Every structure is written in structure tokens, then in C-alpha cells.
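Data first, discussion second: the structure below is written as C-alpha cells.
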2 protein chains.
Amino acid sequence: MADSGWHPVRRTRTFEDVLAQIERRIAEDGLTVGDRLPAERHLAGQLGVSRSSVREALRVLETLGVVSSHAGRGPDAGAVLTSRPDSALTDLLRLHLGLASLELREVIDTRHMIEQWAASHAAAARADTSALADALSGMDRARTAEEFVEHDTAFHCAIADASGNRLVAAIMRSLRDSMCKYAVEAVERLGDTSILRTDHERILNAIDRGEAAEAARAVSDHLAHAYPSLFGQ
Amino acid sequence: MADSGWHPVRRTRTFEDVLAQIERRIAEDGLTVGDRLPAERHLAGQLGVSRSSVREALRVLETLGVVSSHAGRGPDAGAVLTSRPDSALTDLLRLHLGLASLELREVIDTRHMIEQWAASHAAAARADTSALADALSGMDRARTAEEFVEHDTAFHCAIADASGNRLVAAIMRSLRDSMCKYAVEAVERLGDTSILRTDHERILNAIDRGEAAEAARAVSDHLAHAYPSLFGQ
DNA sequence: GACCACTGTATGGTCAGACCATACCTAAAT
DNA sequence: ATTTAGGTATGGTCTGACCATACAGTGGTC
């Protein structure tokens, strides 16, 4: 086996068993977003385990953005299947950045890769750019670095969305969210943000005109402007 | 706030509080990989919550690949900080693929992007290619489709590793792992794998000679060979 | 003194049962 | 028909217990 996930020799834990059962049920019963899982107590009874174990399994699924739990009674209550990979990815990146097991440089390089790809694909597909234009006008109204970064993030995520690939978009959103703090610092260090504004216009226009290569170049130049220290070498 | 992770109006759950406390402690105490968290019972006592809540928080951290729990006594026991983003990403992708909230096409496109980027970066950096050569020779010895895919996966992950970006490598590994099943099907459908073998040699040689553009082209051609149905249009 | 078997103990893993907060459902009261 | 009060199923939390694991110490044996 590949070395990717070596697990120590250990009896399967109960909640892992529950996890596998739930996953199997999702696959076999063709459950999809919006469907409900049985109540915790019922699941525990059906699987012959305690409620704690079921809860730990559900907690894992919730962490992975697969279910969402709501108390109370009615159609919205209980563990509902959802699709929220973004927050899971964000948490993952944030924690590993905090643990220093990932460096900012790596995150920004990854973002560079994604954004270039997304911009050129969006251009090639002649994607709708109204969301990008909205974010652009939002940046003009921004009065603080935080507000600026917020609209900047929206712009870049809109590029990823425009690529039409939801996985890429989710990764992009998580990357931005997890490095939000550093982005604010970068903007404050930069002072004048007009060049970023111009860069964005250039990206938007390239996508609008369907010029994939120019869109990729524009993204690359933009990141070099935003993080000069990482691209100086 | 950005729309990325809207949380319904709800009192913070206890385990979320514990989660935040642990994360804060990691950041403030500068804890890093290898350090131990207090025992569950102690943590519960310190934070004034029940052990169940602590356990649910630890389960989340374990899911995200940040801690690893071991029973018993001694230096290895307890919740130890680790850095295993790969399995978390793999689980996430696998589950969302199962939920049909992600399509195989999106995963393969993402892989295409990553692999092109990694190959050209590895070439530009004149990275060590011995791991790639090892995987290549492993493919020659493979006697079943599963074995073939295993070494194929190793080869492609080695490309990502050679790029020097751990985040990209982790994403690559997860993508491969989560679509392993489909890769076996693709190989079986293909029958003759010699063309894949030739493709790999071409990629390896391009990286070895530092030809970034050729490496990217070779990767692109290779994926077209492996998944002709997705690139025919 | 070196080695080995036994016991103690701190740890995670699991279970059972209780209670609370929430939110819908229902039936009675107006 | 509307309002209101109670019922009930749900998740969230807590308590306390017990088991399995694996190291740490203890004592005996050679």
C-alpha cells in the first residue's frame, strides 16, 4: 500500500464502524443532499452501539461538511445530508497553517496555480463576469483594509466560480479564507491599492474578451503586485 | 462577512467552544507537531465541561488530521499533535463524490491542473526524479490493474512531491486516493497500458532535462490517453 | 547485577441513563 | 378560524461507570 495513510495496528473503533455503515447506506440507498439520516437514538439502536459512538461519527461527518444537524422536530430536524466542503477545507488549512506544518508560501503558490487555471478557463468558456464586476465595484467603496480584502476575496472567488469547477472553487475559497489575516497585512503594507484595482480590471477584461493567455498573465502579474516579497527572487 | 460559511443562528455548542480553546492554546503556547494535549479528563476539568464534549472536539481535530489519539500510558499516549492533512482531504473528497455533490469530471480537471503545474515546476527546479523512476519500474512489474494503478498513483504523487509544495502534494494524493476506484476501471477499459508507460517516460525525461513546457504538455497528453472520454470533446 | 514476570495506573474507548433546550405537532380553548 | 397550551421527537450535555491498552514500577529469579 502507498504510504499515504498508515494506521497503527488497532482494533477498529466503534464510531469508525458507524461511519462506514453510514457511508455505505448513503451509497446503497442513493441518499443525496437534503435527505435525512435516522435520529441518533434510532441509529444507535439499529447498529447496536451507544449513542455516544453515533454522535462521534456524526461529528466527523459534520466536520467534513457532509451532514448538518438541527435540533427540534420537523422536516429540518435531525442530521441532514448537505454539501459544504468549503468550511471543512478552510478549517483544515487554518489549523495546519497554525501548526506551521504548512507555510504561507505554499498556500500562495497553490492559489497562484488555481487562479491562473480558473481565469484562463473562464476566459475560454466566455463565462459570465457580472459577479466579478460586482466585486470590483465593491472594492471602490471599501473604506478599510478589511473591507477591501473582503471584496478582493469575492473577486477572486468569483474567478474560481466562473471556471465552472466546484472543487476548484471550493479550494480557492478555503485558501482565501484561511489566509485572510495575511491578506489584510499585505494590503496594509502596500498602502496604495490602486494598482490592485487596475489589475482586477485587466483580469476582468481579459476574461470578458475570451483571451485565456492574457487572463493567466494578468493573474500572475496581479499576485506579484500583491505579494512582492514572495515573487522577488 | 463573506457568504462562505453561514452558520444558522444557534448558541455555540460546547464542543465548539472546546475546539476554539484548544486551537487558541496551540497558537498561544506555540505547540507543534509531536507535542501532547492534556488528557481528555484533565481537559474536561480545566475547561469545566464534560468529557463527552472534549471527546467530540478531539474527534473533529482528528478528522482534520491535526491530532492522533493513542490509548495506554507513556510518551506516545494521549492526543498528540500531528500533521496528516492527506487523509482528511481524501475522506472529504470521497464522501462528496459519493454524495454526487462533486462530479468525476471536476476531480479529473483539478488533477490535470495540479499535475501540469507540478510537472513544470519540478522541471524548472531540476527536482530529483529518483522516486519517479522507482514508480516507473514498479509499473513494469505490476500484474493486475490494481497493482498497476497503485504504482501509477505513486508516480503521479511523486510528481507532486517533486514540486516541493506540500499543500499541492497533499491535494494530489487525496485526489488520486479518492478516485482510485475509477482509475482501476479506466485501466481495465483501456486494456493496453503500454501507452501510459510511454507517457510516463516522456514526463520523467522532460522533468529530468528541465523542460517545463514539454513536461506540462506530456502530462496533458497523458491524461487525454488515460481518460479519452473526458477529453474527446 | 541483569533479566523477567506481575501488578499498578493513567490513558483512550464505550456504554447506559438522565436531563435540558429546541421546535414542531396537536388538540383544546376562545 | 384563531390562539394557546401541552405533548413529543429531536439534538446537546452531563455523569459515572466499566473495559482495553500499554507503560511504569516492583519484586522475584537467575
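Brief remarks on what is shown
- Of all residues in the stretch A:80-91 being part of a loop (DSSP other than H, G, I, E, B) and among the hydroxyl-bearing types (Ser, Thr, Tyr), the one that is nearest to the other protein chains (Cβ to nearest Cβ): A:SER83
- When A:ALA44, A:ALA57, A:ALA77 are screened for being within 16 Å of A:GLN21 (Cβ to Cβ) and within 11 Å of DNA strand D (Cβ to nearest atom), only A:ALA44 passes.
- Here the condition is being within 29 Å of B:ALA125 (Cα to Cα) and at pLDDT below 95; of B:LEU230, B:LEU204, B:LEU196, B:LEU190, it holds for B:LEU196 alone.
- Scanning the stretch B:36-64 for residues that are crowded, with 17+ Cβ neighbours inside 10 Å, near DNA strand C (Cβ under 10 Å from one of its atoms) and either more than 23 Å from A:THR90 (Cα to Cα) or among the small types (Gly, Ala, Ser) (or both) returns B:GLU40, B:LEU43, B:ALA44.
- Residue that is nearest to the other protein chains (Cβ to nearest Cβ) [pool: residues in the stretch A:92-144 that are in a loop (DSSP other than H, G, I, E, B) and under 30 Å from B:LEU31 (Cβ atoms)]: A:SER101
- For the stretch A:18-29, the count of residues that are within 15 Å of DNA strand D (Cβ to nearest atom), in a loop (DSSP other than H, G, I, E, B) and not hydrophobic (A, V, I, L, M, F, W, C) is zero.
- Criterion: in contact with a strand residue (DSSP E or B) (Cβ under 8 Å, 6 or more places away or on another chain), touching a residue at least 24 places away in the same chain (Cβ under 8 Å) and crowded, with 17+ Cβ neighbours inside 10 Å - qualifying residue of A:VAL67, A:VAL33, A:VAL107: A:VAL67
- Being surrounded by 20 or more Cβ atoms within 10 Å (Cβ to Cβ) and within 30 Å of A:ARG55 (Cβ to Cβ) holds for only one residue in A:LEU99, A:LEU136, and it is A:LEU99.
- Among (1) assigned to a loop (DSSP other than H, G, I, E, B); (2) within 23 Å of the chain's Cα centre (by Cα); (3) of a type in the set (A, V, I, L, M); (4) not assigned by TED's automatic domain parsing to the domain that holds B:TYR182, the one test that B:VAL49 misses: (2)
- For the stretch B:62-79, the condition of being in a helix (DSSP H, G or I), under 28 Å from B:ARG176 (Cα atoms), at the interface with chain A (Cβ under 7 Å from one of its Cβ atoms) and modelled with pLDDT of 90 or more holds for at least one residue.
The values are calculated or read from the model by the stated rules, or taken from the named source; none is laboratory data. Quick caveat, the model's predicted, so the values are computed rather than measured. Note that each Cβ is placed from the backbone with ideal geometry, even for glycine, and that neighbours are counted across all protein chains shown.
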